[in-house]
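J.: For reference, the structure I am asking about is given below.
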Amino acid sequence: MRSVSSILPDDAKTYQGDPWVTRFYLFLCLVITFRSCVHVFRKDGGAASIAGIDLDVAGGQNIVAIFAQWGLEQLLLAGLAWLALIRYRGLIPLILLINLLDNIGRILVGRSKPLNIDKPPPGAYGQVIILPFLAAALWRSLPERE
């Protein structure tokens with residue numbers, strides 16, 4: 001059985017979960033950072049070029065601004081994820097839990113308030129595909145109960 005209490009570890013510098021999770025976590029950090037930078041630095045924030053949102057409407061620039069602000073929030077979370085990977089590996093389970101809840105939340109919000117576009121953006125598929133991997137990584141990042 002896994003120790004769920006390790007989500008908030010006594011020693012934040014010591015990681016006690018399965019070693020493969022840190023490699024998955026590195027991949028996750030890279031993806032989150034890349035996605036964030038696209039939203040912040042791409043001219044349209046990825047709204048039109050990736051998500052397929054028509055920006056040639058009244059308020060189109062507001063959509064771009066919201067995408068950029070969302071990207072900044074993602075970049076801050078990516079920074080915390082990198083900090084955990086580099087210095088405080090004991091926090092990896094907590095960051096994985098946050099990412100799992102973020103993905104579940106975006107799926108639920110996306111279903112309750114869907115985008116009005118021709119086809120879903122890649123993230124709509126990606127967040128569903130990665131969900132079981134996040135759940136497995138979270139579980140395996142927790143140390144075995146002694």
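The values are calculated or read from the model by the stated rules, or taken from the named source; none is laboratory data. Computed from a predicted model, the values in this text were never measured in an experiment. Neighbour counts run over all protein chains shown; Cβ positions are idealised from the backbone, glycine included.
J.: Mind listing just one residue for me: the one in the range 47-76 that is surrounded by 16 or more Cβ atoms within 10 Å (Cβ to Cβ) and in contact (Cβ under 8 Å) with a residue 40 or more places away in the chain and, of those, farthest from residue 19 (Cα to Cα)?
T.: 53
J.: Count, please, the residues in the range 91-127 that happen to be of a type in the set (A, V, I, L, M, F, W, C), part of a helix (DSSP H, G or I) and touching a residue at least 24 places away in the same chain (Cβ under 8 Å).
T.: Number satisfying all stated conditions: 9.
J.: Among 107, 95, which is the only one that is β-branched (Val, Ile, Thr) and closer than 24 Å to residue 45 by Cβ?
T.: Going through 107, 95 in turn, just one is β-branched (Val, Ile, Thr) and closer than 24 Å to residue 45 by Cβ: 107.
J.: Identify, please: which residue in the range 97-137 is among the aliphatic types (A, V, I, L, M) and touching a Gly at 6+ places or on another chain (Cβ under 9 Å) and is, among those, surrounded by the most Cβ atoms within 10 Å (Cβ to Cβ)?
T.: Filtering the range 97-137 for residues that are among the aliphatic types (A, V, I, L, M) and touching a Gly at 6+ places or on another chain (Cβ under 9 Å), the one surrounded by the most Cβ atoms within 10 Å (Cβ to Cβ) comes out as 137.
J.: Within the range 40-53, can one find any residue that is out of contact with any Gly (no Cβ under 9 Å at 6 or more places or on another chain) and at pLDDT below 95?
T.: Yes: the range 40-53 contains one or more residues that are out of contact with any Gly (no Cβ under 9 Å at 6 or more places or on another chain) and at pLDDT below 95.
J.: Further question on the same structure: Which one is surrounded by the most Cβ atoms within 10 Å (Cβ to Cβ) among residues in the range 1-24 that are assigned to a helix (DSSP H, G or I) and in contact with a Leu (Cβ under 6 Å, 6 or more places away or on another chain)?
T.: 6
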